[in-house]
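One structure is given here, and the rest of the page talks about it.
Where a number appears in this text, it was derived from the coordinates with a stated rule and is not lab data. Worth saying up front: this structure is predicted, and the values here are computed from it rather than measured. Cβ placement follows ideal geometry from the backbone for every residue including glycine, while neighbour counts extend to all protein chains displayed.
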């Protein structure tokens, strides 16, 4: 088990500057679902390993007035799993190099409700939900290389870099938008092996 730290860089600032956020706060690149510090866990046998992670982000807003109550919920769940292969049999106090191939999905949830909404308002709320789910959801694959050093006490430190391909699609009554993103990511890793 361990943690990975991915420092923010120019790409994150450019992403925000160009208004590329999903508008939901819980999309893949919005910052809440995939934070800079992430936890992972897994199982290793010989030179093979499987590591995974799970992150969840949820934002709920309720507005109450004298004659109405409206609720908006946006949520995403992101399970991930990766297969890791070490170039040499893992041992302590020497550099260990590995390759990693992984997949992840972003499962969206959105809900809109308003007391006393007309049929037309309900239709508009349902369209908002559909669009939000499209902006939040997505699939991705990762391919990475890494190196780490482990000590006899079970602690390990390392560095890994990955190429990430992410795909999402959203639609409304008039258009369908398919987006793909290819980006690199480098992480510092801290692990404990037992």
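Listing for the model above:
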| item | result |
| --- | --- |
| CD proxy at 222 nm, helix term only [per DSSP H run n ≥ 4: -39500 (n - 2.57); per residue of the chain; nearest 500] | -4000 deg cm²/dmol |
| Label-point separation in nm, residue 87 to residue 69, each point 7 Å along Cα→Cβ | 6.1 nm |
| Residue order, fewest to most surrounding Cβ atoms within 10 angstrom, among 48, 166 | 48, 166 |
| Per-residue Cβ neighbour rank within 10 angstrom, fewest leading, 1, 75 | 1, 75 |
| The chain: projected area of the alpha-carbon convex hull, averaged over directions, in nm² | 13.2 nm² |
| Residues 86, 45, 151 arranged by fewest to most Cβ contacts within 10 Å | 45, 151, 86 |
| Inter-site label distance for residue 126 and residue 58 at 7 Å from Cα along Cβ, in nm | 2.5 nm |
| Estimated inter-spin distance, residue 179 and residue 115, nm [label 7 Å along Cα→Cβ] | 3.5 nm |
| The chain - percent relative contact order, Cα under 8 Å, separation 6 or more | 19 percent |
